[in-house]
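Worksheet for the structure shown next.
Here, each number is a calculation from the coordinates, and none is a lab measurement. Since we're looking at a predicted model, the values are computed, not measured. Here Cβ is always computed from backbone atoms with ideal geometry, including for glycine, and neighbour counts include all displayed protein chains.
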Amino acid sequence: MKFSDMPYERVDYAAFKSELEALTEQLKKASSKEEAFETVLKNDKLMGHASTMRTICHIRHDIDTTDEYYAKEKAYYDEVGPTIEEAIVAFEEALYNCPFRDYLVEKFGPVSFKNMEISMRSFKPEMVPMFQKENALTTEYGKLLAEPKIEWEGEMLNLSLMSKYTTDPDREVRKKAFAKVNAFMLSVQPRLDEIYDELVKLRTERAKILGYDNFLKLGYDEMRRNDYGPEEVKVFREEVKKKIVPLATKIHENRRKRLGIDHLYFYDTTDFAYGSPRPTGTPEEILAAGKQMYAELSPETKEFFDFMTENELFDVLGRKTKRGGGYMTSLPDYDYAPFIFANFNGTQHDVEVITHEAGHAFQGFVTRKNYPEMNEIGMETAEIHSMSMEFFTEPWMEKFFADKKDDYVLSHLEGAVTFIPYGCMVDEFQHIVYEHPEFTPEERRKEWLKLEKVYRPHMDYADDEFYNNGGLWQRQQHIYNSPFYYIDYCLAQTVALEYKAWMDEDYKAAWDSYLKLCKLSASDFYSKMLPKVGLKVPFEKGCLDKTVEVISKKLGLC
Ligand code: ZN
């Protein structure tokens, strides 16, 4: 069904709750393994329908943030959503304690049961009012950053639309664009500080309800980290400091030479003297090129892309009233059909949507007939599907960048490497923040500046007031909206780089491994699945050595 034809109706949470409670009773009284299994499937359907309505509402709200109908509907879900958490947990508890659990684990795999254990230990009904406040704060944050309040050549633009000018080939334009953007950021910084401060305190308060000292353990639990903890992540970050930071510094220096300037400042965001490779086509042509590319890549990707375009499951054109950012989500009522949301703005980013977000959607597509319990992938795994697809699609980049194809491939690889230290910095920052909930906003920003010196010693913020007061992270939506999410990108990028090294040696073998990993979905835990498809687990000392060696050679930097 086309997205525009999909009916929407507000979820009646009172009715939903009583149905859910009835299923919980039914499961508790189940007299056979088959009956228990059937009850779980009914619950999947009920949850799936509520999720579909909520998702349609969110998408339509994001597509036009000024649409009052869906803004009201979204506010309703923000407000009422958390109040049914308790009934959901009650069902999970009944499922977890079901006498036929062994049979159900056999049917659904071990991951969802581990996730249930985590969700049971991480929720208490007393947290509901705090979740409601957090929702209101993150919504306010999103709105604040989406407002078109930046005056640019007679027009009022928002941050997302300004990125075209902060990456302009003309250094003076970039400088001026950054000055405007950061003056705007500075003007909203007091409120951004307050919002984050309140979020940190609310999250800490929730952790205290569970008897924890701080939010760390709860934050990991809320990310459903069912396979590793802060110690493993720390090993990874230390490896990054040792191996990737020096490589990123070399890349930075290489770029300086390529640009032919004496010194790089933060506003020197382009990779080449002419700017950065931009797609040559219109958004419509980019979509058409994507269709052709996926038709050629594999039978599975062809089927996927045809399905997406036929059903209007891409909303990728940038518009003023559209929410910023991009994501992929899915619609359970329609066989878990994937949906891609993005803001095309005439930069490389547009192509990354066709490759990155489509990677997520592709994985969702090939596993859409699984029981949802088999698809509870962690984000560190989900981002492998997307970030690796960015590399697997490289042979087709001529369709998007014409004669600048090689430049794109180079800048994409450099960007993948230099992203990892940035992402680890975002992660370490959050560890510090939640371990010290007593910090003032100024102290937090000071900690950010200290981390900048460790992870990006080559960055120079000139006299920019916003960056020099340690505010850069305040544009990073994940820090506000999804605590501890960011490291997933770094872990996944590491694996994607491993695939990059592999595919240059043997594309077919690397693709087969990737397809196998996509299909494994969440049938097992992260660190068990990677070796099954011939990949390394990034929590071991030396895990980056080989990849860094191959990539350095590729970049001519060793
Ligand atoms: Zn992603």
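Estimated purely from DSSP H runs of n ≥ 4, each contributing -39500 (n - 2.57), the mean residue ellipticity at 222 nm for the chain is -20500 deg cm²/dmol once divided by its residues. Computed about its Cα centre, the charge dipole of segment 304-402 is approximately 360 debye, with only Lys, Arg, Asp and Glu carrying charge at their Cβ. Binning the alpha carbon pair distances of segment 127-282 at 10 angstrom intervals from zero yields the distribution 9, 22, 24, 29, 14, 2, expressed in whole percent. Rounded to the nearest Å, what's the spacing between the alpha carbon centres of segment 171-216 and segment 297-333? Just the number, please. That distance is 30 Å. Principal-axis analysis of the Cα atoms of the chain puts helix 128-146 at an angle of about 30° to the longest axis.
A viscosity of 1.002 mPa s and a temperature of 20 °C, combined with the Kirkwood radius over Cα pairs in Stokes-Einstein, give a translational diffusion coefficient for the chain of 86 µm²/s. Here segment 406-558 is assigned +1 on the Cβ of each Lys and Arg and -1 on the Cβ of each Asp and Glu. Its dipole about the Cα centre then comes out at about 600 debye.
Note that segment 1-153 shows a convex hull volume over its alpha carbon atoms of 157 Å³ per residue. For segment 136-231, applying the loop criterion from DSSP together with a ceiling of 10 other beta carbons within 10 Å to the trypsin sites (Lys or Arg not before Pro) yields no site.
Note on Lys133/His436: beta-carbon distance plugged into 1/(1 + (r/R0)^6) with R0 of 25 Å gives a FRET efficiency of 0.75. For the chain, the Cβ-based charge dipole about the Cα centre amounts to some 940 debye (Lys, Arg positive; Asp, Glu negative; other atoms uncharged). Positive end of the dipole of segment 169-276 (Cβ unit charges, origin at the Cα centre): among Ala273, Ala177, Gln189, the Cα lying farthest that way belongs to Ala273. Quick check on segment 219-273: take the gyration tensor over C-alpha atoms, sort the square-rooted eigenvalues as a ≥ b ≥ c, and tell me if it's rounded (a/c under 1.5), prolate or oblate. Note, shape of segment 219-273 comes out prolate. Distance between the pseudo-spin-label points of Leu259 and Glu151 (7 Å out from Cα toward the beta carbon): 2.8 nm. Relative to one another, the C-alpha centroids of segment 360-383 and segment 30-96 are positioned 18 Å apart. The alpha-carbon of Lys180 sits under 19 angstrom from the alpha-carbons of these lysines, leaving out residues fewer than 8 places away in its chain: Lys143, Lys149, Lys164, Lys320. Taking a ≥ b ≥ c as the square roots of the eigenvalues of the Cα gyration tensor, segment 339-441 is oblate, since a/c reaches 1.5 or more and a/b is not larger than b/c. Rg over Rh for segment 117-194 works out to 1.22, both radii taken from alpha-carbon positions and Rh defined as the Kirkwood radius. Counting only alpha carbon atoms, the long axis of helix 507-520 and the longest principal axis of the chain meet at about 30°. Measuring gaps between exposed loop sites in the chain (GluC sites (Glu not before Pro); DSSP loop; at most 13 other Cβ atoms within 10 Å), the longest gap, sites not included, is 154-437. Between amide H atoms placed 1.01 Å from N, distances below 5 Å from Ser330 occur with Phe339, all of them 5 or more places distant or on a separate chain. According to the calculation over all Cα-Cα pairs in segment 386-508, the P(r) per 5 Å bin from zero is 2, 10, 17, 18, 16, 12, 11, 8, 4, 2, 0 %. In terms of overall dimensions, the C-alpha atoms belonging to segment 470-532 reach 44, 28, 15 Å along their principal axes, ordered largest to smallest. Decide, for segment 281-340, between rounded, prolate and oblate: order the square roots of the alpha carbon gyration tensor eigenvalues as a ≥ b ≥ c, take rounded if a/c falls under 1.5, and otherwise choose prolate if a/b is larger than b/c, else oblate. In terms of gyration-tensor shape, oblate. Between Tyr274 and Lys114, the FRET efficiency from the beta-carbon distance, with R0 = 51 Å, is close to 0.50. Loop-located trypsin sites (Lys or Arg not before Pro) across segment 1-49 with a Cβ neighbour count of 14 or fewer within 10 Å are Lys2, Arg10, Lys29, with loop assigned by DSSP.
With a simple spin-label model that places each label point 7 Å from the Cα along the Cα-to-Cβ direction, the separation between Ser18 and Ala402 comes to 6.4 nm.
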